[in-house]
Amino acid sequence: SGGGGEGDGGFTPPRWLSGRIKHSDYPPGLEESGIGRTITLQFTVTPDGRATECTVLQTSGNARLDDATCRAIERRYRYKPSRDAYGTAVPSSVVEDHTWRKDER
């Protein structure tokens, strides 16, 4: 049988559509302390394509920076949601790294 598309039990992963973290999301007063730091985050993509329940798996070393990153993701990121074998939108989990760079400040 072979074929494709529905081979993984019909489950499709979420696909990012829009939203990004902006330089204005960088917490004021941190200066350069978080630049170059990577944060590993996990969040849920809901059936309506929104990012929710963001948690930090690996901290940047600064709680304010971690919190600001999660808030930006929950506020802006939109996805085409995961779908089950029947084509129904279902919640799914995403793990993502974000590294703060100078051009985001």
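The values are calculated or read from the model by the stated rules, or taken from the named source; none is laboratory data. Since the structure is predicted, the reported quantities are computational estimates derived from the model, not experimental observations. With ideal geometry, Cβ positions are generated from the backbone for all residues, glycine too; neighbour counts draw on all protein chains shown. All accessible areas refer to the heavy atoms of the entire protein, side chains included, with ligands and DNA or RNA removed. Shrake-Rupley method; radii C 1.70, N 1.55, O 1.52, S 1.80 Å.
Figures for the structure shown
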{"quantity": "Residue satisfying all of: in region 90-105; within 19 Å of residue 15 (Cβ to Cβ) and either of a type in the set (Ser, Thr, Tyr) or in contact with a Gly (Cβ under 8 Å, 6 or more places away or on another chain) (or both); surrounded by the fewest Cβ atoms within 10 Å (Cβ to Cβ) among these", "calculated": "93"}
{"quantity": "Close pairs (6 angstrom Cβ cut-off, 6 or more residues apart or separate chains): under 11 Å from residue 45 (Cβ atoms) and touching a residue at least 60 places away in the same chain (Cβ under 8 Å) in region 71-90, of a type in the set (Val, Ile, Thr) and surrounded by 15 or more Cβ atoms within 10 Å (Cβ to Cβ) anywhere", "calculated": "79/45; 81/45; 82/12; 82/90"}
{"quantity": "Among residues of region 38-62, those that are over 24 Å from residue 78 (Cα atoms) and not small (Gly, Ala, Ser), counted", "calculated": "1"}
{"quantity": "Residue within region 48-59 that is of a type in the set (Ser, Thr, Tyr), out of contact with any Leu (no Cβ under 9 Å at 6 or more places or on another chain), open to solvent by 70 Å² or more (accessible area, probe 1.4 Å) and at pLDDT 95 or above present", "calculated": "no"}
{"quantity": "Filter pass, residue 82 being open to solvent by less than 50 Å² (accessible area, probe 1.4 Å), under 19 Å from residue 11 (Cβ atoms) and not basic (Lys, Arg)", "calculated": "yes"}
{"quantity": "Residue match in region 40-47 (condition: open to solvent by less than 90 Å² (accessible area, probe 1.4 Å), at pLDDT below 95 and touching a strand residue (DSSP E or B) at 6+ places or on another chain (Cβ under 9 Å))", "calculated": "no"}
{"quantity": "Hits in region 19-39 (condition: open to solvent by less than 10 Å² (accessible area, probe 1.4 Å) and small (Gly, Ala, Ser))", "calculated": "34"}
